[in-house]
Amino acid sequence: MLTVSGGKLKKFQYFKEGYLAPIDGTQTFTSKSISCKNCCTKNADNPKKTTVYYHQLSAICLVKPGLKTVLPLMPEPITQQKDASKNDCEVRALERILEGLAREHYHLKLVLGLDGLYSKGPTLKLVRSYGHHFIAVAKDTDHKALLESVEDLDREGKVQRFTYTDKRGHRHSFHYVNGVPLNKSHPDFIVNYVNYVETDPDGKVKYFNSWVTSLPIHNHMCCMKIMRGGRARWLIENETLNTLKNLGYSLEHNFGHGEDNLSSNLTCLMFLAFLIDQIISGSGLALCIRFSKLR
Ligand SMILES: [Zn+2]
């Protein structure tokens with residue numbers, strides 16, 4: 001686990017409940033001929049159904065909206081797990097990330113930025129059980145019961161709405177409500193809901209999304225802050241994973257696969273190099289770095 005300390009993280013404070021930390025998964029290796037015993041496998045999409053070997057990982061970074069520097073924590077390889085009958089996946093990787101954070105950073109509280117893959121009862125409950133908060137994408141198609149509850153609350157006049165126009169003429173429209181059951185399977189798990197649409201001066205939709213969050217939405221300002229926290233997922237999609245893949249690090253290049261953990265260890269070392277680059281480019285950051293868990 002990568003450890004950051006030194007009291008220099010105030011620059012990254014955004015929510016008082018914890019540091020904003022989006023998580024995203026990506027593929028780092030795929031081959032039909034090279035493999036190790038930790039490779040996940042799938043069948044190729046061709047008539048012969050050739051076996052394809054692959055590795056993925058879940059990346060997690062401390063970020064702050066408006067700040068280009070990101071601080072990656074130890075990524076979690078998504079590889080074949082011991083005694084597992086199925087391939088490893090991002091949700092299982094998140095469980096290991098949470099375990100690792102509790103072990104290595106027991107004092108560190110986070111607001112996890114999650115995509116729709118994670119916005120399910122068991123996963124979000126697990127996040128809360130570790131004392132972290134979440135802002136998770138809530139796709140309409142996955143959350144019909146949630147939307148029905150929001151509509152019920154809207155009829156009762158409990159849903160708040162507001163719109164503002166920025167200097168570029170873009171309109172930002174919100175509606176939000178606190179205290180909605182996540183779904184029918186978990187009626188006891190109560191979340192808060194934000195819907196957001198950005199349109200340009202011609203009325204064209206530039207961005208829209210909905211989130212469920214464990215953060216309380218006290219007012220319009222609070223709602224805007226949560227929206228910015230949710231949109232900060234691009235900091236891991238673009239500033240982190242795109243940089244690592246396409247801007248010099250060659251994350252997906254096979255520098256050597258090995259028989260056990262070489263591939264995963266090289267990937268983790270690449271994240272360590274990226275972290276050092278980020279520290280150097282982010283002026284004023286002086287962090288103590290410890291790197292372990294190389295297997
Ligand atoms: Zn492998």
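Structure data summary
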| quantity | calculated |
| --- | --- |
| Angle in degrees between helix 220-231 and the longest Cα principal axis of the chain, rounded to the nearest 10 | 20 |
| All-pairs alpha carbon distance profile, the range 1-140, 5 Å steps from 0, percent | 2, 9, 17, 20, 18, 13, 9, 7, 4, 1, 0, 0 |
| The chain: angle of helix 144-155 to the longest principal axis, Cα-based, in degrees nearest 10 | 20 |
| Solution diffusion estimate, µm²/s, Stokes-Einstein, the range 136-272, Kirkwood Rh from C-alpha pairs, 37 °C, viscosity 0.692 mPa s | 185 |
| Nonlocal amide H pairs with Gly113, under 5 Å, H built at 1.01 Å | Ala21, Ile23, Ile135 |
| For the range 120-139 and the range 245-286, distance of Cα centres in Å | 28 |
| Sum of -39500 (n - 2.57) over DSSP H runs of 4+, divided by residues of the chain (222 nm, nearest 500) | -7500 deg cm²/dmol |
| Anchor Lys10: lysines whose Cα lies under 19 Å away (excluding residues fewer than 8 positions away in-chain) | Lys64, Lys68, Lys109, Lys225 |
| Cα-projected label distance for Lys10 with Ala44, points at 7 Å along beta-carbon direction, nm | 5.7 |
| Modelled FRET efficiency - R0 25 Å, Asp200 with Arg155, Cβ distances, 0.05 increments | 0.20 |
| Violating pairs (Cα-Cα greater than 29 angstrom) within the set Lys158/Lys184; Lys16/Lys125; Lys16/Lys245; Lys8/Lys158 | Lys16/Lys245; Lys8/Lys158 |
| Hydrodynamic radius by Kirkwood, which averages 1/r over all alpha carbon pairs of the chain, in angstrom | 20.6 |
| Proximal aspartates and glutamates to Lys206, defined as alpha-carbon separation beneath 16 angstrom and excluding residues fewer than eight positions away on the same chain | Asp166, Glu198 |
| For the range 275-281, Karplus couplings with θ = phi - 60° (6.51, -1.76, 1.60), whole Hz, Gly/Pro x | 4, 4, 4, 5, 5, 5, 6 |
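Quick note: the coordinates plus some simple rules give every number you see, no bench work behind them. Predicted model, so just to flag it, every value in this text is computed and none were measured. In this analysis, Cβ positions are derived from the backbone assuming ideal geometry, glycine residues included, and neighbour counts consider all displayed protein chains.
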